[in-house]
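Here is the structure we will look at, set down as C-alpha cells.
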Amino acid sequence: MAKDKIAYVCSNCGQESGKWIGKCPSCGQWNTFKEVRVASDTGTIAAKATAVSVRNSRQQQSKAHRLGDITAQDEPRIDLRDDELNRVLGGGLVPGSIVLLGGEPGIGKSTLVLQTILRMQEKKVIYVSGEESAHQIKLRADRLGGGGTAGGSIHVDEANVFLVCETSLEAIFDRIREETPDIVVIDSIQTIATEDVESSPGSISQVRECAAALLRFAKTSGIPVILIGHINKEGTLAGPKILEHIVDTVVQFEGDQHHLYRILRSIKNRFGSTSELGIYEMRQDGLRQVSNPSELLLTQDHEGLSGIAISCAIEGVRPFLVETQALVSSAAYGTPQRSATGFDQRRLNMLLAVLEKRVGFKLMQKDVFLNIAGGLRVTDLAMDLSVIAAVLSSNVDTPIETGWCMAGEVGLSGEVRPVSRIEQRISEAEKLGFTHMILPKYNLNGIDPKKYHIALHPVRKVEEALRELFG
C-alpha cells in the first residue's frame, strides 16, 4: 500500500503547497494553510464502480464524437416543477450536472429541495441526509404536503423519494447502486466523509475528496447531483474554494430570517446566466413562489412619509419595483456614519459626494442610513436616481408624491446616464399603476411616449430630476 502524502491547502482558495506558508500566494490571506493528509487512492473507486453499474443498467455508453458532427442543440433539462428554481438554473436541471445550494442555517435550503423533489413524482430521487433522521424529514414532508399555497401540489404518499440517513460516502454509493435513481440529493456535503481520508467530516480534505467523487459519479453516470452546503460567518460557502470550482452551478439562498422573503441567486452557472433571480415567500407550509416581485413593496402605503423613493430595477430579465428608504440625521458623535443595507456602500458614498458637489446639499456632518425594503440586495445601476431622491427627501423632510417612480444611473459629473431595457421598466411601472416616471433623456430616443399611459419625464442632470420631484 502506498504511503499517504502530507500537503498544505489554503482554506480560502484551495491553493496547495508542499510546506506551510504564512501568506497564501494566490488569494493573499494570512494563516489559512491547513495540513491535510492526501490518500494515494482517494474515494473514487466507489464512485467509478457505482457510475459503471448505473450506466450499464441503463445501457448507456460513452464514446468520442467528432466536433463537427455534434449538433448545437440545447441540453435536455429536467423540469423541477418550480418556475423560480428553473429560471435560476437556466431552464431546469441538466442531466449529469452537480449543483451546490448554499445558505445560512435555517434559511430554508432543505425545505426548498424537499418540496421540489416531492413535486417530481415521475422521477426516482435518493435523498441523503447526514444531519437529520428519517423521522424529522418525514415530519417536514407532511408539513409541506399539508395544503395551502406553498404545498398544495405536493402529495407525500405518491412521491418517489427514498431516504438514506448516512454519512459514509462508500455506503451512499452502495445505496445508489441498489436503487439506480434519477436524481441524488446530498444534505449536506459538510457531513459526508470517505474512509480513504483520515480526517473528520467537514474538513478541507474530506469536502474536497467527497465532492470530487460525486462529480465523477455524476459525469460518468448522467445522474444529476444536488449538494446542500453551509456558509461561514463571512457569508461565503464553507470549505475550500475548490468546492465551487468542482461543481457546475453554485446557487445561494439569501434573506433575513426575520423577513418573509427569500432570494435565490446564481453565483456560478455553466448552463445559463448568473444574473437571474428567484424570489420566495416563507410560509408555514413551505416556500411560495413570488411570480410578481413588486409584491415586496406594494403591500403597504407610505403616503406622506419622507425618505422613500420607488425605482424600477432589473435583475436578469425581470423588471420589478424596489422601495428605497433613506434616513438623514445630524451626527451625534462628531463622525458621520454611512450605512447601507442591500446596496453597495461605496456607491452610496459616491452618490452622496455627487449630491454635495453638484447639487449643493451639505451632508458632511450628517448620518446617512440607506435600506432596500424587503431584504433585497440590488446591484442594478438604475437605482442611483432613487437613492439620491430618497436621501434628499429625508434631508429636507419632504415626501415624494404618490405615483412617482424613477430609473437612471448617475455619473460623477451629475449627469443621468441611460439604462438598459427602458421599455420593460416603463411597462412594469405602468402595469402597477404609477402615473409619473423620471428616466434619462437619452433613453427616450426611438420611444413614442404616446403609447404609454404614464407621464414620462426625461432628464439630463440630477438637478433636473430633483426639480421634477420637489419643484
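The values are calculated or read from the model by the stated rules, or taken from the named source; none is laboratory data. Given the structure is predicted, the values throughout are model-derived calculations rather than measurements. Here Cβ is always computed from backbone atoms with ideal geometry, including for glycine, and neighbour counts include all displayed protein chains. Note: areas computed on protein heavy atoms with side chains; ligands, DNA, RNA excluded. Shrake-Rupley method; radii C 1.70, N 1.55, O 1.52, S 1.80 Å.
Values as computed for the structure displayed
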{"read-out": "Pairwise label distance in nanometres, ALA332 with ASP83, each label 7 Å out on the Cα-Cβ vector", "value": "4.6"}
{"read-out": "Residues of type lysines that LYS138 reaches as a straight line, Cα spacing below 25 Å, ignoring anything fewer than 8 places off in the same chain", "value": "LYS109, LYS123, LYS124"}
{"read-out": "Contour excess over end-to-end distance, with Cα ends at ARG346 and GLU132 and 0.36 nm allotted per residue", "value": "72.9 nm"}
{"read-out": "Estimated FRET transfer efficiency (ARG467, GLN289; beta-carbon r; R0 30 Å; 0.05)", "value": "0.15"}
{"read-out": "Per-selection Kirkwood Rh - the chain (Cα, Å, 1 d.p.)", "value": "25.0"}
{"read-out": "Å³ per residue enclosed by the Cα convex hull of the stretch 306-396", "value": "86"}
{"read-out": "Expected 222 nm ellipticity per residue - DSSP helices of 4 or more, -39500 (n - 2.57), all of the chain, to 500", "value": "-7500 deg cm²/dmol"}
{"read-out": "Estimated D of the stretch 400-465 in µm² per second, where Rh is the Kirkwood radius over Cα pairs and Stokes-Einstein applies at 10 °C, 1.306 mPa s", "value": "132"}
{"read-out": "Net length gained if the chain between LYS23 and GLU401 were fully extended (0.36 nm per residue, minus Cα distance)", "value": "130.6 nm"}
{"read-out": "Kyte-Doolittle mean at least 0.0 and Cα axial length at least 20 Å: DSSP H helices in the chain", "value": "204-221"}
{"read-out": "Net charge over other residues, Cβ less than 13 angstrom from the Cβ of GLU244 (K, R count +1; D, E count -1)", "value": "+3"}
{"read-out": "Amide H partners (placed H, <5 Å) of ILE78, local residues excluded", "value": "LEU93, VAL94"}
{"read-out": "Accessible solvent surface per residue of the chain, calculated while the other protein chains remain in place, 1.4 angstrom probe, Å²", "value": "47"}
{"read-out": "Cα-centre dipole for the stretch 379-471 with unit charges at Cβ (Lys and Arg positive, Asp and Glu negative), debye to 20", "value": "280"}
{"read-out": "Alpha-carbon centroids, the stretch 110-133 and the stretch 407-471: separation in whole Å", "value": "46"}
{"read-out": "Accessible area in the full protein assembly, largest first, 1.4 Å probe, for TYR280, TYR452, TYR442", "value": "TYR442, TYR452, TYR280"}
{"read-out": "Tail beyond 24 Å, pair distance distribution of the stretch 349-468 (Cα, percent)", "value": "25"}
